[in-house]
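Only one structure is covered here, and it is reproduced in the block below.
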Amino acid sequence: MAFAERDGVKLFYTLDGPESAPVLMLSNSLGTTHKMWEPQLAAFSKKFRVLRYDRRGHGQSSSPPGPYSLDDLGNDALAIMDAAGASKVHWCGLSMGGMTGLWLATNHPDCIVKLVVCSAATFMPPPELWNGRIKTAQDKGIEVLAAPTMQRWFTADFIKGQQDKVAFIREQFLQTTVEGFSGCAAAMRDMDQRETVKTIKAKTLVIVGADDQGTTPAEAGIIVNRVPDARGVILKGSHIINVEAPEAFTKEVLEFLG
Ligand SMILES: O=C(O)CC1=CCC(=O)O1
């Protein structure tokens, strides 16, 4: 466990796995922490030096006042890589983590070896959707957003049958600060990577849940069609697909990374 620092923002990160192994950096979604990767940690850390972190506004990282931009989030990731002594990483990110990976592979291609982008999109309109969530968080607190968020993030069957796993993610969501949630939601609102991803050179795997209503299979298809060396895979489940379909997710990522 350690902290990187960028412009006064403290960024928590943690390393697991053999020191000499290639680095696999994992990036969480909006409203979760580095802990969301626990279902994959044992398998990934057998082959890789696994670098997990808490995005600004989440977990043990600082929550500076927003709005944040995708540039902030990408540059934070670079500061963490620097602090961890990793000049190149395989990247696996889910939702905001996937979108941060697209930004890094576009803007800092030498840092990304292979790219795994899960439950993501290049553009997330309408802005009113994000402004509404920001206003709710600021006026009423993060708790009000928890139930609708879990309903978007998991299928109804999973919510009914796997309450402990949903609670594990819900707890992380509830710990997100209002500043962190609002700042990151603004970054999503203002993101437009529709054209820029066409220049990505990294070999890319795009993973999506068949029932994801927010970052849909159609959005994943757009990434696959625009990133030159990309292929896609659809798994059974919704948005937090590494938790809802952990074995299939782990297998796809490990096969892709080789
Ligand atoms: O919250 C959602 O439903 C979708 C989402 C966008 C960015 C993220 O991390 O989650």
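Overview of results
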read-out: Given charges at Cβ of Lys, Arg, Asp, Glu: the chain dipole, positive-most of Ala156, Gly209, Val9; value: Gly209
read-out: Helix runs (DSSP H) in the chain reaching 20 Å along axis by Cα, Kyte-Doolittle at least -1.0; value: 70-84
read-out: For the stretch 2-257, projected area of the alpha-carbon convex hull averaged over all directions, nm²; value: 11.8
read-out: The chain, relative contact order [Cα under 8 Å, separation at least 6], %; value: 22
read-out: Potential extension, Leu78-His108 segment - 0.36 nm per residue separation minus Cα distance; value: 9.9 nm
read-out: Of Lys10/Lys47; Lys114/Lys165; Lys140/Lys201, pairs whose Cα-Cα distance is over 32 Å; value: Lys140/Lys201
read-out: Among Leu73, Leu26, Leu174: highest mean-square fluctuation, GNM of the chain, C-alpha pairs under 10 Å; value: Leu174
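Coordinate-derived values only; no laboratory data. Everything numeric in this text was worked out from a predicted model, so none of it was measured. When we count neighbours, we look across all protein chains shown, and the Cβ atoms used for this are built from the backbone with ideal geometry, even at glycine.
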